[in-house]
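Working notes for the structure below.
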Amino acid sequence: MFLKFFKKADPPDDLQLVQQYRATGDMDCLGELFERHTEMVYLVCLKYLRDEDDSKDATMQVFESLTELLLKHDIANFKSWLHVITKNHCLMQLRARKGKEQISLEDASPPFMENSALFHHSDAELQEQSEEQLRQGLETLPPEQRTCVGLFYLQQKSYKEIAEQTNFDLNKVKSYIQNGKRNLKLYLEKHHEPR
């Protein structure tokens, strides 16, 4: 009974640290969150940016942005929220890079078609036109196919993740992706005018 008084208190969970930071502005709370989640943030950055130095820089930028973001957002699950913030930060960096150095669609995301000669134009205008055709093609797909194809290729979700997110049966997800990919290929072949 007497030893109970000397027992160390459990460390605060992530949300308690967030609330404490919001209430006091205490940077030690952010420091603790940084220690707990640096590895996860770095690995997400590395997955998207594929460069160690860029990923280290991005990790620091994400945590620096938390000083303001934590004051603006209500957070139910800090780790999940931080994962989304990190992913969005990386995607914005990739978009900024894409503006500076012309990246083909094949480099930016997995190919939609086995034969992707359509994406190998050196002319920036043709590249832009191809991307626009791709966006238009996605819009022509039935909603289930469009959702599954977008999640699979653009967000790089697994079949299982898509099934959980959409509440579709796993076999349906595979079917929607396969059919969506085929329909998209047909659309692009029909609407692409070779020069």
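In the set ASN179, ASN171, ASN183, ASN167, which member is on the phi > 0 side of the Ramachandran plot and modelled with pLDDT of 85 or more?
ASN167
Does region 39-86 hold any residues that are among the polar types (S, T, N, Q), more than 17 Å from MET27 (Cβ to Cβ) and surrounded by fewer than 17 Cβ atoms within 10 Å (Cβ to Cβ), and which are they?
Hits for region 39-86 are ASN77, SER80.
Of all residues being under 18 Å from LEU15 (Cα atoms) and of a type in the set (Gly, Ala, Ser) in region 49-78, which is nearest to the chain's Cα centre (by Cα)? Just the residue, please.
In this case the residue turns out to be SER65.
Which members of region 60-80 meet the condition of being assigned to a helix (DSSP H, G or I) and in contact (Cβ under 8 Å) with a residue 60 or more places away in the chain? Step through it out loud before you land on a result.
Of the residues in region 60-80, the ones assigned to a helix (DSSP H, G or I) are 60-72, 78-80.
Hits for region 60-80 are PHE78, LYS79.
Anything in region 136-166 that is within 18 Å of the chain's Cα centre (by Cα) and among the charged types (D, E, K, R)? List them, or say none. Step through it out loud before you land on a result.
Kept after step one, since they are within 18 Å of the chain's Cα centre (by Cα), are these residues of region 136-166: 146-166.
Passing the criteria: ARG146, LYS157, LYS160, GLU161, GLU164.
Can you pull out every residue in region 154-175 that is of a type in the set (Gly, Ala, Ser) and exposed (fewer than 15 other Cβ atoms within 10 Å of the Cβ)? Please lay out each step first, then the result.
Of the residues in region 154-175, the ones of a type in the set (Gly, Ala, Ser) are 158, 163, 175.
Scanning region 154-175 gives a single hit, SER158.
Is there any pair linking a residue in region 28-39 that is without any contact (Cβ under 8 Å) to a residue 60 or more places away in the chain to one that is of a type in the set (Lys, Arg) and surrounded by fewer than 18 Cβ atoms within 10 Å (Cβ to Cβ), with Cβ under 7 Å and at least six apart or on different chains, and which?
Listed pairs, sorted by first residue: HIS37/LYS79.
The values are calculated or read from the model by the stated rules, or taken from the named source; none is laboratory data. What you see is a predicted model, and the numbers here were worked out from it, not measured in a lab. So basically every Cβ, Gly included, is an ideal-geometry build from the backbone, and we count neighbours across all protein chains shown.
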